[in-house]
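Read the figures in this text as sums done on the coordinates, not as results from a lab. Because the structure is predicted, anything quoted here is derived from the model rather than measured. Neighbour counts run over all protein chains shown; Cβ positions are idealised from the backbone, glycine included.
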Amino acid sequence: MLYHVKSFNKNGQLKIQEMAFVLVAILVFFAIVALFYISVRVQNLKGSVEAQRDDEAKTMVRKLAESPEFSLSVENCINCVDFDKVLMLKEKAEYQSFYPLDYLAIKVIGALKEGECTRSNYPECESLTLIKKKEDFGTPIGAFAALCRQEFFGQDRYIKCELGKIYASGENIK
Amino acid sequence: MPFKVADVIYLISKEETYCFVNSPSDIENELRKLRPENINISTDLKGCKKGSIRVCFDSSLCEINVNLEAKSVKKYGKRIYYEDDKENALLYGAIFADMDIYECQIIRLMKRTSELASLYGAKSISLGSRGCNSNLEQDLAYYSNVTGTLNRSNELSNIKILSDEIWRKNDALSCKIF
């Protein structure tokens, strides 16, 4: 009789242990599933936040291109930058604090010659840095724009536009 | 202005209702298209809702009286001035804005005009050295000086004369500056 009781206790204990293991396994499984779900959600959230910030920065750069100081007013051209005017803007100290940016530059895509644009080498140059308040300005956000300038061919005058990119960085662009 | 200076945005309180009495056809058409909830158009004072701010264009019986000939807006005993081309950008500003804010914004706009004129002057010199003479440098320098030193909206009429002159000169150029 005593033997039977003992055997019964052992079986019961084994079953309780089994049940406990199964419960732990189920808990671990759900924990893993939950972790996986959370990590996927966080990744998606990060992605959408980055995309939103990128869009905002691009909108800001495009707005800049459409401002009277940048825009080409000669022709009715959307998102066209008057490169002749912006070259002069670089020499105006007043505009250094006008834009709330640490860095603002324009780069000509596919320029034949390298180097910073000045009155002496313009338009055969690659980049025009308008604002550079500090060396560590972070990673600038860029948006494409048409860089237009007055060109001359003998007596003929025409507007020539090239592909360019406006880069901006600052505390307001995060 | 001979060139674009800025975009003007008007914010009107939802609590205030305006009633435009006998407004010119361009303003009337614009408002009919925009359909602002708190701006009504009427042909006489009786047609205005009670409590609304009445804006008169042909009499001085309203809270706000516009003199289209003198290009001025009189409200609460004070007069402010505007100058516009086809669009009524500054007229709306003069009607809706607080008088001190309007005067301040006019000074700000003129300061920006001054900087832009100076920028176009520099562009004109730069293009001149590359074979594109506009001879607008002196006009733009003077224009920059006048707009930069404007103190009150009543000086806008002088600026309008200069603006039109510069616009005409630039428009006649084969190598336009703006």
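Over chain A, what relative contact order in percent results from Cα pairs under 8 Å that are six or more residues apart?
21
For chain B, find the longest principal axis of its Cα atoms and tell me its angle to the long axis of helix B:137-148, 0 to 90°, nearest 10.
Taking the Cα atoms of chain B, the angle to B:137-148 is about 40 degrees.
How tilted is helix A:2-66 with respect to the longest principal axis of chain A? Cα atoms for both, answer in degrees (0 to 90, nearest 10).
So the inclination is approximately 10 degrees.
Treating the beta-carbon of each Lys and Arg as +1 and of each Asp and Glu as -1, no other charges, what is the dipole magnitude of region B:18-98 about its Cα centre, to the nearest 20 debye?
400
Let me know the Rg and Dmax you get for region B:103-171 when you use only its Cα atoms, in Å.
Radius of gyration, then largest Cα-Cα span, for region B:103-171: 12.6, 41 Å.
If contacts are Cα pairs under 8 angstrom and at least 6 residues apart, what is the relative contact order of chain B in percent? Numbers along the way, then the final one.
Details: 238 pairs, mean separation 33.5, N = 178.
Over chain B, the number comes to 19 percent.
How big is the convex hull of the Cα atoms of region A:18-174, per residue, in Å³?
On the way: hull volume 24.9 nm³, N = 157.
Hull volume over Cα atoms, normalised by residue count, gives 159 Å³.
Counting only DSSP beta bridges with both residues in region B:18-98, tell me the antiparallel percent, nearest 5.
The answer is about 45 percent antiparallel.
Choose one answer from A:Q150, A:Q17, A:Q96: the residue with the largest mean-square fluctuation in a GNM of chain A with alpha-carbon springs under 10 Å.
Highest fluctuation of the listed residues: A:Q17.
Angle check, please: helix B:25-34 long axis (alpha carbons) against the longest principal axis of chain B (alpha carbons), in degrees 0 to 90, nearest 10.
80
Identify unpaired cysteines across the protein assembly as shown, taking unpaired to mean no other cysteine Cβ lies under 4.7 Å from the residue's Cβ.
Among the cysteines of the protein assembly as shown, those whose Cβ sits 4.7 Å or more from every other are B:C104.
Can you list the lysines whose alpha carbon sits under 18 Å from that of B:K169, skipping same-chain ones fewer than 8 residues off?
B:K4, B:K123, B:K160
With Rg and the Kirkwood Rh both taken from Cα atoms, where does Rg over Rh land for region B:1-100?
Taking Rh as the inverse mean 1/r over Cα pairs, Rg/Rh reads 0.94.
Gap in Å between the Cα centre of region B:95-145 and the Cα centre of region B:32-64?
When both Cα centres are located, 36 Å separates them.
From the mean inverse distance of alpha carbon pairs (Kirkwood) and the Cα radius of gyration, derive Rg over Rh for the protein assembly as shown.
The Rg/Rh ratio comes out at 1.27.
Would you compute, for the Cα atoms of chain B, the largest minus smallest coordinate along each principal axis and list the three values in descending order, in whole Å?
Principal extents (largest minus smallest coordinate, Cα): 64, 30, 28 Å.
What is the extension gain from A:E18 to A:Q155, computed as 0.36 nm multiplied by their sequence separation minus the C-alpha to C-alpha distance, in nm to one decimal?
The span from A:E18 to A:Q155 would gain 39.8 nm if fully extended.
Put +1 on the Cβ of every Lys and Arg and -1 on every Asp and Glu Cβ in region A:1-116; which of A:I38, A:G12, A:L23 then has its Cα farthest towards the positive end of the dipole?
A:G12
Under a point-charge model restricted to the Cβ atoms of Lys and Arg (+1) and Asp and Glu (-1), what is the dipole moment magnitude of chain B relative to its Cα centre, in debye to the nearest 20?
180
Which residue, A:A105, A:A31, A:A93, has the most motion in a Gaussian network model of chain A that connects Cα atoms within less than 10 Å?
In the Gaussian network model the winner is A:A31.
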